[in-house]
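Have a look at the structure below before the remarks.
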Amino acid sequence: MDSSIIDRIVVVWLGGHAHSWQNTAEFNMVQDFIGSRVLFDSGVALVQLPCLGVVDHFTISRAELEDRLNRQNKLCDYLVKLTVADQNANHQTHAWSQIIWDVTVVAWLIDESFTHSHLVPTPYIESNPRYDIFHDGHYQYAFNQSRPLMRYVYQIDRDLIWEDLVKKLTQA
């Protein structure tokens, strides 16, 4: 409600898909499409970590979990047990990997070198009039070079983030 906050914050948003993606019908954006539009139109200092095409590369396999975290401490044992049980219940095969979405935002906050980014004009979201935007999620980014700049994370360093996470969890 107090617009002066815009000069005192940075929003780090895990949402939308990569700017090159065909559409941006992503969970966080679909849940609050209007809020997503407001965010991009607000002029706030913004860092976007897109889901598909960028953050979805941060996957952890069962073998990695068990090799690096099992029997390290109670927290690690709990996380391995919980993740393995959940994945086994939801997959038909023994082989699987799990995307660990939220860790990437924390990784960016800890050390920007865990990601690769650049400044780009803030996109705006346009709907495809052939679809019902609130049910089908058919909307896409549009670009205009005159819009305010934002930091766009276009790649993550999966191995550096994983090593940092293992180090922090095993020291817990």
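The values are calculated or read from the model by the stated rules, or taken from the named source; none is laboratory data. Note that the structure is predicted; figures quoted are calculated from it, not measured. Glycine also receives a Cβ, built like all others from the backbone with ideal geometry; neighbour counts cover every protein chain displayed. Keep in mind that these areas ignore ligands, DNA and RNA; they rest on the heavy atoms of the full protein, side chains included. Shrake-Rupley method; radii C 1.70, N 1.55, O 1.52, S 1.80 Å.
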Three principal axis extents, largest first, for the C-alpha atoms of the chain, in Å?
52, 38, 29
Report the antiparallel proportion of the DSSP beta bridges in the chain as a percent, rounded to a multiple of 5.
65
List the residues, sorted by chain then number, that are 5 or more residues from Met150 or on another chain and whose placed amide H is less than 5 Å from its amide H.
Val120, Thr122
Grab the Cα-Cα distance for Phe143 and Asp77, subtract it from 0.36 nm times how many residues apart they are, and report the gain in nm with one decimal.
19.2 nm
Skipping prolines and chain starts, which residues have an amide H placed within reach, meaning under 5 Å, of the one on Leu14, given they are 5 or more residues away or on another chain?
Leu49
List the residues of region 1-21 whose backbone N lies under 17 Å from a point placed 7 Å from the Cα of Val120 along the Cα-to-Cβ direction.
12-21
Using a Debye calculation, one point per C-alpha and no hydration shell, please list log10 I(q)/I(0) for region 1-77 at q = 0.12, 0.14, 0.21, 0.24 Å⁻¹ in order.
-0.53, -0.65, -0.92, -1.07
Rounded accessible area per residue of the chain, 1.4 Å, Å²
59
Karplus-derived 3J(HN,Hα), 6.51/-1.76/1.60, for each residue of region 27-39, Hz, glycine and proline x
3, 5, 6, 5, 4, 8, 4, 5, x, 5, 4, 4, 4
About its Cα centre, what dipole magnitude does the chain give when the only charges are +1 on Lys and Arg Cβ and -1 on Asp and Glu Cβ, stated in debye to the nearest 20?
180
Per principal axis, descending, Cα span of region 53-110 in whole Å:
30, 29, 16
Cut-off 10 angstrom, C-alpha nodes, Gaussian network model of the chain. Which of Arg37, Arg151, Arg71 fluctuates the most?
Arg71
For a quick check: with amide H placed at 1.01 Å from N, whose amide H comes under 5 Å from Ser61's, ignoring anything fewer than 5 positions away on the same chain?
Gln98
